[in-house]
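For reference, the structure is listed below as structure tokens.
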Amino acid sequence: MRVRTLLVVVTTAVGLGVGTLGAATQTTPDVPTGKPEAVIDLATENGVRLVKGQWHYSDTKIIEVDFRGPGEDKQPTGDPIKTYDFTPHAGWRDFDDSEWELVEPATLDKRRSTGKLCFNWYRITVTIPKRVGSFDPTGSTVVFETSVDDYAEIWVDGELTRGLGQNGGSVVSGWNAPNRLVVGRNVQPGQKIQLAVFGINGPLSNPPTNFIYLRFARLEFHKGRKGPFASPPREVNVEVVRLDPAIDAIVPPNPKIYKLAEGFIFTEGPIWVRDGGYLLFSDPNNNTIYKYTPDGQLSVFREKSGYRGADIAEYGQPGSNGLTLDREGRLTIDEHGNHRVSRLEKNGALTVLADRYQGKRLNSPNDLVYRSDGTLYFTDPPFGLPKFHDDPRRELPFTGVFSLSNGMLRLLSTDLTGPNGIAFSPDEKYLYVTNWDVKKKVVMRYEANTDGTLSNGTVFFDMTSAPGEEALDGLKVDQQGNLYVSGPGGLWIISPEGTHLGTIKGPKLPHNMAWGDEDGKTLYLTAESALYRIRLNIPGIRP
């Protein structure tokens, strides 16, 4: 029997579910079990209307493509060969499905695709409603459950997460078995979640004389865990756009990105602490600095990391942002809400390094870097203020780049409206600064003078023509002088000569990054609500 009404606060066990042919649901360990607080049936008009959704559908085509055979390193580095792929690759969050067929919810069980060896896509973006019947979903954990005849993989917000030995969840769970996975934690009304279901006709070794269809699809709302959490590293999807052969010396032929922790509001400002071997990073929205250790432990390192004011509720990002270490290994912190740069002493005391320029409070220091002589450089846009450029709390009439040496704060540049990421070239001859401004997406390069000043600022690289609403955020440099820039669509890799070598595209945009692990070849990525890592071939410059 198929239920065609909106289900709210179900009273029957959902493990078997309606229309599951009695198959036991395969799941991953982090998925809540038991009775949900509420359920929305996405195979009904009422359910889809409640989440302001629309199902989109497309067949796929199998195509021949160029590839490389296995080399001596057991990676795709051997002789050129031909292989097969399919199109479209529609799991990514920014995929445009506007020209696809629109599917009425009640027809999801219609037989689709071409039969025999075939695949297809079902996509929908759901918006968390203010209420599901009498239930307020604020703060709950949302589970998506579906069953595709015969197999399915599930992408959530452009991410296909999988762990070693995983059975079900985002990956194939079994012959005509349901997929069940968490698609949102601590959700808020109005939050959007994009789901992409990849349907597979099977068995693959003996393609059947039938078609693909979706038996059911529903959202469950459970009382959820609060706050972020770490889990065993899980591989996620990655695409490397290789524009220049030089990128092959930087990014391995078969790169892997792993998700390490999730459930944050927004992650930023990471720094690897070599004395102890761990990562620190900020959640400026949650006013907290977190600590992550390679054995998978996540803990709070510092609360109220950027603001303690009574009006904190007015701030979107009151907490700390950029973090770095001085020559003595002391943590230096950009504090958004407190309009200052501070240093955490070994005894736990906090020393304010800079909070005013010519008697006026700084905007909201964003990112920072030390030169080897101990001079501190930092950017000061207004993005930590509640109303950004138009905030009445703002005292400086400009956004700037500053240096601090021997207690002297010096304004170096006011070239940019949104100075953001900042890093030195390996020889410290140049200082690079990114700009968060959709009308001027540029990396600036300045000559760094020995007295702490800058000169001859020029546009080193211009991304303004790149599509998307993202501007430029975090910036790091490796030991060969290549730049890694958070830009539109991913992590741009730019040579010291200004050539765009390629872009690393993960499931979420990395807003900042830090070189870590013992050899400095692991790049930790703070990407929206999660923490990731990727291994590269060249070690980075780090404190």
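The values are calculated or read from the model by the stated rules, or taken from the named source; none is laboratory data. All values reported here derive from a predicted model rather than from experimental measurement. As a convention, Cβ positions derive from the backbone with ideal geometry for all residues, glycine included, and neighbour counts pool all protein chains shown. SASA here: full protein model, heavy atoms, side chains in, ligands and nucleic acids out. Shrake-Rupley method; radii C 1.70, N 1.55, O 1.52, S 1.80 Å.
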Within segment 212-233, of all residues that are crowded, with 19+ Cβ neighbours inside 10 Å and basic (Lys, Arg), the one nearest to Asp136 (Cα to Cα) is Arg218
Matching residues in segment 27-73 (assigned to a strand (DSSP E or B) and in contact with a helix residue (DSSP H, G or I) (Cβ under 7 Å, 6 or more places away or on another chain)) number 3
Note on segment 431-449: residues in contact (Cβ under 8 Å) with a residue 24 or more places away in the chain and open to solvent by 40 Å² or more (accessible area, probe 1.4 Å) are Trp436, Val438, Lys439, Lys440
Quick check: anything in segment 196-209 open to solvent by 20 Å² or more (accessible area, probe 1.4 Å), touching a residue at least 12 places away in the same chain (Cβ under 8 Å), farther than 23 Å from Lys110 by Cβ and aliphatic (A, V, I, L, M)?
-> no
In segment 456-473, residues that are at pLDDT 95 or above and either open to solvent by 30 Å² or more (accessible area, probe 1.4 Å) or outside any loop (DSSP other than H, G, I, E, B) (or both) total 9
Considering residues that are open to solvent by less than 20 Å² (accessible area, probe 1.4 Å) and either aliphatic (A, V, I, L, M) or closer than 25 Å to Gly158 by Cβ (or both), the number found within segment 516-542 is 13
Apart from one, (1) at pLDDT below 95; (2) under 30 Å from the mean Cα position of the chain (by Cα) all hold for Ser364; the odd one out is (1)
Being in contact with a Pro (Cβ under 7 Å, 6 or more places away or on another chain), touching a residue at least 24 places away in the same chain (Cβ under 8 Å), surrounded by 15 or more Cβ atoms within 10 Å (Cβ to Cβ) and of a type in the set (Val, Ile, Thr): is that true of Val240 here?
yes
Within segment 74-90, of all residues that are open to solvent by 100 Å² or more (accessible area, probe 1.4 Å) and part of a loop (DSSP other than H, G, I, E, B), the one farthest from Glu64 (Cα to Cα) is Lys74
| Can you find a residue in segment 365-388 that is of a type in the set (Val, Ile, Thr) and open to solvent by less than 10 Å² (accessible area, probe 1.4 Å)? | yes
Residue pairs within 9 Å by beta carbon, gap of at least six or interchain, first lying in segment 135-149 and at positive phi, second open to solvent by less than 10 Å² (accessible area, probe 1.4 Å) and of a type in the set (A, V, I, L, M), listed first then second, are Gly139/Val187
Residue within segment 171-186 that is without any contact (Cβ under 8 Å) to a residue 24 or more places away in the chain, surrounded by 14 or more Cβ atoms within 10 Å (Cβ to Cβ) and under 28 Å from Arg225 (Cβ atoms) present:
yes
Counting only residues in segment 491-503 that are in contact (Cβ under 8 Å) with a residue 40 or more places away in the chain and assigned to a strand (DSSP E or B), the one most open to solvent (accessible area, probe 1.4 Å) is identified as His500
Apart from one, (1) open to solvent by less than 50 Å² (accessible area, probe 1.4 Å); (2) under 26 Å from Pro189 (Cα atoms); (3) part of a loop (DSSP other than H, G, I, E, B) all hold for Tyr122; the odd one out is (3)
Practice task
Looking only at segment 71-82, decide whether some residue is out of contact with any Lys or Arg (no Cβ under 8 Å at 6 or more places or on another chain) and within 28 Å of Pro203 (Cβ to Cβ).
Solution key: yes
